[in-house]
There are 2 protein chains.
Amino acid sequence: MANFDLTRRLARKEGGKILLLVMDGLGGLPIEPDGPTELEAANTPNLDRLAKEGSTGMTIPIARGIEPGSGPAHMALFGYDPLVYDIGRGALEAMGIGLDVGPDDVAARGNFCTVDDNGVITDRRAGRIATDKAAEVVARLTDITLPGVEVTVREVKEHRFALRLRGKGLSPHLHDTDPQAAGAKPLAAVPSVDSPEAKHTAELVNAFIAEAAKRLKGHLPANMLTLRGFAGDPALPKFQDVYKLNPACVAVYPMYRGVASLVGMKIVETDAKDTPADEFKRVAGVWAQHDFVFCHIKYTDSRGEDGDFNAKKAVIEQVDAALPILLDLKPDTLIVTGDHSTPARLKSHSWHPVPLLLWAPATHMPDRAQCFGERECMTGALGQFPATDLMQLALAHAHRLERFGA
Amino acid sequence: MANFDLTRRLARKEGGKILLLVMDGLGGLPIEPDGPTELEAANTPNLDRLAKEGSTGMTIPIARGIEPGSGPAHMALFGYDPLVYDIGRGALEAMGIGLDVGPDDVAARGNFCTVDDNGVITDRRAGRIATDKAAEVVARLTDITLPGVEVTVREVKEHRFALRLRGKGLSPHLHDTDPQAAGAKPLAAVPSVDSPEAKHTAELVNAFIAEAAKRLKGHLPANMLTLRGFAGDPALPKFQDVYKLNPACVAVYPMYRGVASLVGMKIVETDAKDTPADEFKRVAGVWAQHDFVFCHIKYTDSRGEDGDFNAKKAVIEQVDAALPILLDLKPDTLIVTGDHSTPARLKSHSWHPVPLLLWAPATHMPDRAQCFGERECMTGALGQFPATDLMQLALAHAHRLERFGA
């Protein structure tokens with residue numbers, strides 16, 4: 001497993017540039033028993049050439065047999081053991097929309113919901129209102145004040161929003177107010193530990209909820225809210241410190257931007273409508289200023305979740321077609337992989353190891369893989385390895401690690 | 001490595017059924033430098049088809065280079081790190097013959113032996129008397145009473161028996177009384193820690209030995225006994241708790257039944273003369289009542305220990321021929337492997353990784369293995385992995401684990 005003390009001790013400020021391209025949920029399964037996976041079926045001349053020239057392998061995101069969520073799977077790719085660094089979802093959500101979560105902050109994920117006249121939830125997601133509708137609801141709440149803390153409310157996507165309280169003496173140790181089922185009333189915020197800070201924070205949160213309920217009353221369908229995943233600053237070690245890298249992130253979805261931000265990456269502005277080619281151009285735009293860029297492609301995962309084998313394959317082909325934009329940057333180390341598998345066949349994330357190619361013409365060990373695909377990567381030079389080891393491999397191939405011992 | 005806290009947190013009560021078929025000592029070595037192993041040489045059309053359709057890999061039972069005993073090797077297959085869960089052999093032996101070992105119990109393995117007129121051991125195994133002879137010897141001891149404890153003596157196999165003391169305030173911390181060599185006298189039971197319980201238990205055990213010696217005197221060849229492997233209740237986490245499974249065990253040999261019982265499996269009645277087909281029919285008999293069945297085949301190991309390549313191969317072929325009985329049960333996840341290697345060439349257990357196939361048609365990743373054998377499994381989808389990870393893989397493939405994180 002990755003060892004931050006070791007990496008920190010050996011990492012150098014000098015060396016080659018690293019580009020990490022993550023296709024979310026890249027790994028797949030055959031639809032037909034003897035057939036190809038999505039990646040194997042896709043026409044990917046650029047990726048095939050990189051796999052043929054470079055090293056291949058398979059990563060295990062969390063542990064054998066464990067189906068990863070995207071948050072922990074990305075933590076692992078960045079070298080942070082997700083069983084050690086178990087980040088509260090509230091912090092991820094807030095960071096993902098550009099609200100930083102610092103040492104004085106407590107953040108939570110919120111849902112707008114619908115309640116009946118008795119206050120009982122009839123729809124936990126307020127009919128999945130559109131994001132711009134949610135922005136209107138948020139506008140009713142932005143000027144709520146609480147004693148001694150700064151309150152920030154911001155829409156995320158559809159019925160989801162983020163809440164951040166900033167002030168001294170707050171605690172993230174609160175239970176969710178979301179009862180997780182229609183037919184129940186939203187719960188009050190209750191401390192999950194016995195501390196004055198948690199008690200104080202619960203009081204503040206309950207005051208916020210009471211005032212919000214008053215303002216939302218009658219405004220169907222979003223006439224109430226629930227909160228969950230209270231979290232403070234996870235205070236993660238940063239890429240600058242552990243890896244001596246100056247990193248940037250190009251990602252369209254908030255959650256990935258959130259994780260990247262938590263580990264110290266500069267978040268590059270993107271547009272929700274960005275194609276892979278658009279994202280790659282954004283990478284090119286910041287390439288001169290950074291020695292590490294993480295670029296995230298969401299739609300491989302989305303189409304896998306849809307169960308649409310051909311659509312997932314098409315996203316992979318789109319990435320491959322745009323790849324020359326990245327290759328023109330001449331990265332010293334280019335890694336292409338996924339954070340986890342999302343086989344269209346399972347319509348879900350899965351635990352299956354994820355194909356990976358590492359192309360670093362100055363240092364890579366070519367193996368026998370002739371193209372980029374699960375079955376080729378299984379017997380590659382990098383073997384099957386924990387995703388948390390990837391950053392060390394990336395640094396090494398870019399000549400960014402000192403020798404260990406004499 | 002397997003992580004019980006994680007598995008316990010993610011395991012679900014619902015999901016597919018799992019069948020674990022263990023051929024003891026399955027892994028082998030070629031007899032001729034360019035020749036096949038026992039498994040590769042065997043004609044196994046059923047296993048070959050499963051390997052071709054499903055995933056293959058190699059397990060490392062304890063650690064690289066470590067030759068495993070059967071007890072720890074099975075603990076590992078069941079997900080219990082044998083370096084953490086180091087079970088006293090006395091408890092295994094007692095559990096294996098159906099004597100449960102609970103919190104008030106201390107158990108030990110016994111040998112009947114032969115001593116001369118001076119009490120010096122001349123044969124540590126009393127001429128390996130037959131099991132029914134040992135039962136006659138045991139019959140002389142069953143009514144021995146000790147103050148405040150219940151004494152149970154039971155024959156195991158040949159010259160071996162199990163002793164269990166049941167009562168308050170006992171301790172398993174006693175040294176063996178077996179001097180491990182002829183030409184020495186049996187030792188007295190001596191505490192291995194300085195505690196009143198150990199001292200008290202040693203006194204009780206010595207009283208038992210003294211009374212037994214009196215009763216056995218003159219009854220050659222079994223005119224004395226030795227005791228070793230004193231052990232209490234290992235209080236292992238149970239399959240029901242960790243994996244949310246309702247497990248059963250079909251095994252002919254006591255030790256395997258013992259290990260299975262310690263982890264919570266229901267022990268199915270078997271006959272010492274059961275063939276693989278007989279054992280498989282017993283699996284079928286309990287299949288409806290369980291979501292996990294472990295089935296153990298002993299004779300692959302025995303023939304390996306004999307150094308009989310062809311006989312070991314024949315046992316594997318016998319298993320393959322009977323396999324349709326198991327396939328008819330339509331397990332969602334079927335795993336076929338060994339607990340360790342026992343190459344006929346070495347006439348012994350060995351540290352070599354063990355071939356494994358995992359067949360779960362709804363979720364498995366087919367690899368390039370075309371048949372079941374060491375060299376095919378080496379490049380399989382599951383890679384080379386610690387046996388302790390197997391249960392997590394089994395649960396995942398049967399859709400019995402929740403996602404980790406969002």
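Give the relative contact order (percent, whole number) for segment A:219-343; include only Cα pairs under 8 Å separated by 6+ residues. Don't skip to the answer; put the middle values down first.
Details: 130 pairs, mean separation 28.3, N = 125.
Reported as a whole number, the value is 23 percent.
Which listed residue (B:Leu29, B:Met391, A:Ala210) has the Cα farthest towards the positive end of the charge dipole for the protein assembly as shown, taking +1 on Lys and Arg C-beta and -1 on Asp and Glu C-beta about the Cα centre?
So the residue we want is A:Ala210.
Taking the Cα centroid of segment A:220-246 and of segment A:92-132, what is the distance between the two, rounded to the nearest whole Å?
Taking the Cα centre of each part, segment A:220-246 and segment A:92-132 sit 14 Å apart.
Based on the alpha-carbon gyration tensor of segment B:224-354 and its eigenvalue square roots a ≥ b ≥ c, which shape applies: rounded if a/c is under 1.5, prolate if not and a/b is larger than b/c, or oblate? Before the final figure, lay out the partial values.
Numbers: a/c = 1.72, a/b = 1.07, b/c = 1.61.
Since a/c reaches 1.5 but b/c is at least a/b, the shape of segment B:224-354 is classed as oblate.
Determine the relative contact order of chain A: mean sequence separation of Cα pairs under 8 Å and six or more apart, normalised by residue count, in whole percent. If you can, show how the numbers build up before the last one.
Values: 1000 pairs, mean separation 138.4, N = 406.
Relative CO of chain A lands at 34 percent.
Within 10 Å of each Cβ in peptide A:57-65, how many partner chain Cβ atoms are there on average? Round it to a whole number, please. Present the calculation step by step, with values, prior to reporting the outcome.
Numbers: counts 1, 3, 0, 3, 1, 5, 9, 14, 15.
Counting Cβ atoms of other protein chains within 10 Å of each residue's Cβ and averaging gives 6.
Placing +1 at every Lys and Arg Cβ and -1 at every Asp and Glu Cβ, with all other atoms neutral, what dipole size does segment B:91-231 have around its Cα centre, in debye to the nearest 20? All intermediate terms of the calculation are to be shown ahead of the outcome.
On the way: 18 positive and 19 negative charges, 54 e Å.
Rounded to the nearest 20 debye, it is 260 debye.
Suppose each label sits 7 Å from its Cα in the direction of the beta carbon; what would the B:Leu327-A:Lys281 distance come out to in nanometres?
Those two pseudo-labels are separated by 5.6 nm.
Tell me, what is the percent relative contact order of segment B:91-231, built from C-alpha pairs under 8 Å that lie six or more residues apart? Walk me through the numbers on the way to the answer.
Values: 305 pairs, mean separation 45.5, N = 141.
It rounds to 32 percent for segment B:91-231.
Sticking with the crude label model, points 7 Å out along Cα→Cβ, report the distance from A:Ala188 to B:Glu203 in nm, one decimal please.
6.0 nm
What do you get for trypsin sites (Lys or Arg not before Pro) in segment B:1-89 restricted to DSSP loop and a cutoff of at most 12 other Cβ within 10 Å of the site's Cβ? Present the calculation step by step, with values, prior to reporting the outcome.
Working: sites: B:Arg8, B:Arg9, B:Arg12, B:Lys13, B:Lys17, B:Arg49, B:Lys52, B:Arg64, B:Arg89; in loops: B:Arg12, B:Lys13, B:Lys17, B:Arg64.
Of the trypsin sites (Lys or Arg not before Pro), the ones in loops of segment B:1-89 whose Cβ has at most 12 other Cβ atoms within 10 Å are B:Lys13, B:Arg64.
So, with +1 on the Cβ of K and R and -1 on the Cβ of D and E, and no other charges, what is the size of the charge dipole of segment B:1-103 about its Cα centre, to the nearest 20 debye?
On the way: 9 positive and 14 negative charges, 133 e Å.
It comes to approximately 640 debye.
Reachable aspartates and glutamates from B:Lys133, Cα under 17 Å, same-chain residues fewer than 8 places away excluded?
Those aspartates and glutamates meeting the cut-off are B:Asp123, B:Glu155, B:Glu158.
Evaluate the charge dipole of chain A about its Cα centre and quote only its size in Debye, nearest 20, assuming +1 on the Cβ of each Lys and Arg and -1 on the Cβ of each Asp and Glu. Mind showing how you got there, number by number?
Numbers: 45 positive and 53 negative charges, 109 e Å.
The calculation lands at about 520 debye.
Which of B:Val156, B:Gly98, B:Gly169 sits closest to the plus end of the dipole of segment B:91-231, meaning its Cα is farthest towards the positive end, when Lys and Arg get +1 and Asp and Glu get -1 on the C-beta?
Of the listed residues, the answer is B:Val156.
Given 4 °C and 1.567 mPa s, how large is the Stokes-Einstein diffusion coefficient of segment A:91-232 in µm²/s, with Rh as the Kirkwood radius over Cα pairs? Numbers along the way, then the final one.
Details: Rh = 14.8 Å.
It diffuses with D of about 88 µm²/s by this estimate.
What FRET efficiency comes out for A:Arg215 versus A:Lys238 if R0 is 25 angstrom and r is the Cβ-Cβ distance? Round to the nearest 0.05. Write out the running numbers ahead of the final one.
On the way: r = 38 Å, r/R0 = 1.54.
FRET efficiency, A:Arg215 to A:Lys238: 0.05.
Is the shape of segment A:1-64 best called rounded, prolate or oblate, per the rule: a/c under 1.5 gives rounded, else a/b larger than b/c gives prolate, else oblate, with a ≥ b ≥ c the square roots of the Cα gyration tensor eigenvalues?
Numbers: a/c = 3.34, a/b = 1.76, b/c = 1.90.
It comes out oblate by the Cα gyration axes.
Would you mind classifying segment A:311-387 by shape? Square roots of the alpha carbon gyration tensor eigenvalues, ordered a ≥ b ≥ c; an a/c under 1.5 is rounded, otherwise it is prolate if a/b is larger than b/c and oblate if not.
Numbers: a/c = 2.08, a/b = 1.24, b/c = 1.68.
It is oblate, given that a/c is not under 1.5 and a/b is not larger than b/c.
Sort A:Cys371, B:Cys249 so the one with the fewest other Cβ atoms within 10 Å of its own Cβ comes first. All intermediate terms of the calculation are to be shown ahead of the outcome.
Working: A:Cys371 19, B:Cys249 26.
So the residues, fewest neighbours to most, are A:Cys371, B:Cys249.
Could you please state, rounded to a whole Å, how far the C-alpha centre of segment A:267-333 is from the C-alpha centre of segment A:1-79?
Between the Cα centres of segment A:267-333 and segment A:1-79 lies a distance of 14 Å.
Which one, A:Thr333, A:Met365, A:Trp287, projects farthest toward the positive side of the charge dipole computed for segment A:278-406 from Cβ point charges (K/R +1, D/E -1)?
A:Met365
Could you tell me, in Å, what Rg and Dmax come out for the Cα atoms of the protein assembly as shown?
Reported Rg and Dmax, both Å: 31.3, 100.
For a Förster distance of 41 Å, can you work out the FRET efficiency between the beta-carbons of B:Glu150 and B:Val84, rounded to the nearest 0.05? Please report the intermediate quantities before stating the final value.
Values: r = 31 Å, r/R0 = 0.75.
With R0 = 41 Å, the Cβ-Cβ based efficiency is 0.85.
Over segment B:167-263, what number does the Rg to Rh ratio reach, with both radii from the alpha-carbon atoms and Rh per Kirkwood? Don't skip to the answer; put the middle values down first.
Numbers: Rg = 17.6 Å, Rh = 16.2 Å.
Reported Rg/Rh, Kirkwood definition of Rh: 1.09.
Loop-only check: which trypsin sites (Lys or Arg not before Pro) in segment A:160-249 are DSSP coil with at most 10 other Cβ within 10 angstrom? Provide the component values of the computation, followed by the final result.
Values: sites: A:Arg160, A:Arg164, A:Arg166, A:Lys168, A:Lys199, A:Lys214, A:Arg215, A:Lys217, A:Arg228, A:Lys238, A:Lys244; in loops: A:Lys168, A:Lys217, A:Lys238, A:Lys244.
Here the trypsin sites (Lys or Arg not before Pro) that fit, given the DSSP loop and packing criteria, are A:Lys168.
Estimate the FRET efficiency between A:Asn43 and A:Glu269 by the formula 1/(1 + (r/R0)^6), using the beta-carbon distance for r and 35 Å for R0, to the nearest 0.05. Write down the numbers at each step before the final one.
On the way: r = 32 Å, r/R0 = 0.90.
E between A:Asn43 and A:Glu269, to the nearest 0.05, is 0.65.
Just tell me the longest site-free run in chain B, where the sites are GluC sites (Glu not before Pro) in a DSSP loop having at most 14 other beta-carbon atoms within 10 Å.
Working: sites that count: B:Glu14, B:Glu269, B:Glu402.
With a cap of 14 other Cβ atoms within 10 Å, the longest stretch comes to B:15-268.
If I take the Cα coordinates of chain B and project them onto the principal axes, what are the three extents in Å, biggest first?
66, 52, 38
Among the listed pairs B:Lys13/B:Lys52; B:Lys214/B:Lys273; B:Lys13/B:Lys157; A:Lys157/A:Lys313; A:Lys199/A:Lys266; B:Lys52/B:Lys244, which have their C-alpha atoms separated by more than 28 angstrom in this model? Kindly include the intermediate steps, with their values, before the conclusion.
On the way: B:Lys13/B:Lys52 30 Å; B:Lys214/B:Lys273 36 Å; B:Lys13/B:Lys157 38 Å; A:Lys157/A:Lys313 26 Å; A:Lys199/A:Lys266 35 Å; B:Lys52/B:Lys244 30 Å.
Cα-Cα > 28 Å for B:Lys13/B:Lys52; B:Lys214/B:Lys273; B:Lys13/B:Lys157; A:Lys199/A:Lys266; B:Lys52/B:Lys244; rest within.
No lab work stands behind these numbers, since they all come straight from the coordinates. From a predicted model like this one, the values you see are computed outputs, not experimental measurements. Neighbour counts are summed over all protein chains in view; Cβ atoms, including those assigned to glycine, are modelled from backbone coordinates with ideal geometry.
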